[in-house]
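Everything on this sheet refers to the single structure shown next.
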Amino acid sequence: MGISEHIYADALTVTADTGYSNKPNLTYLHSHGIDSYVPDNQFRQRDPAFAKQKDKHGEKKPVKKQKKRLFSAADFNLDVEHQRCECPAGESITLVRNDKDQHGNHKLFFEARQSQCRGCTLRSQCMRRPEAVESRSSQGRQVSFIIAPNTEKSEPVAWMKKRVDSPHGKRVYAERLAVVEPVFGSIRANKGLDRFSLRGKEKVNGQWHLFSLVHNIEKIHRNAGESRMAAGSVR
């Protein structure tokens, strides 16, 4: 069947995880009147049910910090007035964009040249994969700074928060957590589909169908085995 060009118009209800909660996406859904539920990353903090769960099970254990601390934006020297930036090694890196991000924050985006990072003695402290800079297709270290946070109240954002926080919205999103997320988790963690290896919508669609087919065949095989075991126990 493939992916419809009018997938949003054809869908009865659209749900997505918090990674898709940004102003452009919510503006599109709001302006087209699409029945959608896309929670922001604070939706659980607003839900009393999760507060009770925390009281019952205790505070979430903190994630162990990685042993090697990499340089963060705070380690770079930023001159906002002249829009210049120096990396921890003292190299002046290039301003590539002066723009707003997806959340409406005004940011300065800098990027070092590949040659600067390749010869830098601090690259193992600055980059997650310092060896990648040896590749011709790689990029130098990138860093961005918020110089003016977004303070405007967005109607689409407020609209979506109200929908997600409603009793109906919670029921709809709970179905996604129970039905959709385990499938994504299995295909990514168990079958290794962290990213598509093909380009173009048609090829990506075909690769996704193949992984989905394998997932469904496994479910059929597992359920058939459980049915046989249940039949044998009855006898």
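The values are calculated or read from the model by the stated rules, or taken from the named source; none is laboratory data. Note that this is a predicted model, so its numbers are computed, not measured. Glycine gets a Cβ as well: all are built from the backbone with ideal geometry, and neighbour counts include every protein chain shown.
Points worth noting:
- Scanning the stretch 184-220 for residues that are among the hydrophobic types (A, V, I, L, M, F, W, C) and either part of a helix (DSSP H, G or I) or not assigned by TED's automatic domain parsing to the domain that holds M160 (or both) turns up F184, I187, A189, V204, W208, L210, F211, L213, V214, I217, I220.
- The stretch 120-131 residues that are part of a loop (DSSP other than H, G, I, E, B), paired with ones that are buried (at least 17 other Cβ atoms within 10 Å of the Cβ) (beta carbon under 7 Å, 6 or more apart): C120/A89; L122/A89; M127/C117; M127/V133; M127/R141
- Any hit, the stretch 131-152, residues being surrounded by fewer than 13 Cβ atoms within 10 Å (Cβ to Cβ), among the polar types (S, T, N, Q) and either in contact with a Phe, Trp or Tyr (Cβ under 7 Å, 6 or more places away or on another chain) or within 21 Å of H106 (Cβ to Cβ) (or both): yes
- Within the stretch 190-220, the residues that satisfy the criterion of being surrounded by 11 or more Cβ atoms within 10 Å (Cβ to Cβ), free of Cβ contacts under 8 Å to residues at least 24 places away in the same chain and among the basic types (K, R) are K203, K219.
- Boolean, T151 is within 21 Å of L26 (Cβ to Cβ) and not in a helix (DSSP H, G or I): yes
- Residues of the stretch 165-183 that are surrounded by 12 or more Cβ atoms within 10 Å (Cβ to Cβ), modelled with pLDDT under 90 and either hydrophobic (A, V, I, L, M, F, W, C) or not in a helix (DSSP H, G or I) (or both): V180, V183.
- T27, sole failed condition from (1) modelled with pLDDT of 90 or more; (2) in contact with a Phe, Trp or Tyr (Cβ under 9 Å, 6 or more places away or on another chain); (3) of a type in the set (V, I, T): (2)
- Residue in the stretch 51-63 that is modelled with pLDDT of 90 or more and over 23 Å from S124 (Cα atoms) present: no
- Test: residue in the stretch 111-128 that is basic (K, R) and in contact with a Phe, Trp or Tyr (Cβ under 8 Å, 6 or more places away or on another chain): no
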